[in-house]
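The values are calculated or read from the model by the stated rules, or taken from the named source; none is laboratory data. For clarity, every value in this text was computed on a predicted model and none was experimentally measured. Here the Cβ positions follow ideal geometry from the backbone for every residue, glycine too, while neighbour counts run over all protein chains shown.
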């Protein structure tokens, strides 16, 4: 019995940290890019084969943790949700399991790209900031301290 309790004590915190991965289809995009009711929504677009994406995700998570009431961080994998195990593993490795993450679930990912940001060519990482007033900033590439200042 004691061994069972010790095992559960070890497993339950890991379960609480499990990534919450949800499918993102073209029909879901309008709600995602709708201006937030306060602060900013930061959509972090990334992919499994992106070299800089994990560092970007971690930088954006640090920014969100510094401003938890003003920034909503939404990690979005541009990979197909069918790769959910690899996506969830990467999310956990980046320390982002506490965020509600999304992954593409559409036969035409280019359509999702366009709906999210018509000025985006599909390269990752891509950071999209949506403000309360509806203004948007899109940044492609690695997030530097200077680029973080542009976002916040």
For the stretch 99-120, indicate whether the set of residues that are more than 22 Å from residue 27 (Cβ to Cβ) and either out of contact with any strand residue (DSSP E or B) (no Cβ under 6 Å at 6 or more places or on another chain) or surrounded by fewer than 16 Cβ atoms within 10 Å (Cβ to Cβ) (or both) is non-empty. no
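I need a count of the residues in the stretch 85-95 that are in contact with a strand residue (DSSP E or B) (Cβ under 9 Å, 6 or more places away or on another chain), part of a helix (DSSP H, G or I) and over 13 Å from residue 20 (Cβ atoms). Give the derivation first.
Pass one, the stretch 85-95, residues in contact with a strand residue (DSSP E or B) (Cβ under 9 Å, 6 or more places away or on another chain): 86-88, 90-91, 94.
From what's left, part of a helix (DSSP H, G or I): 86-88, 90-91.
Then keep just the ones that are over 13 Å from residue 20 (Cβ atoms); that gives 86, 90.
The number of residues fulfilling the criteria is 2.
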In the stretch 96-152, how many are assigned to a loop (DSSP other than H, G, I, E, B), more than 17 Å from residue 71 (Cα to Cα) and under 16 Å from the mean Cα position of the chain (by Cα)? 8
Inspect all residues belonging to the stretch 26-46 and state whether any of them is at pLDDT 95 or above, farther than 22 Å from residue 132 by Cα, in contact with a strand residue (DSSP E or B) (Cβ under 7 Å, 6 or more places away or on another chain) and buried (at least 20 other Cβ atoms within 10 Å of the Cβ). yes
Could you tell me whether the stretch 13-20 includes any residue that is within 15 Å of residue 112 (Cα to Cα) and either in contact with a strand residue (DSSP E or B) (Cβ under 7 Å, 6 or more places away or on another chain) or modelled with pLDDT of 95 or more (or both)? no
Restricting the search to the stretch 55-84, which residues are touching a helix residue (DSSP H, G or I) at 6+ places or on another chain (Cβ under 7 Å) and assigned to a helix (DSSP H, G or I)? 59, 63
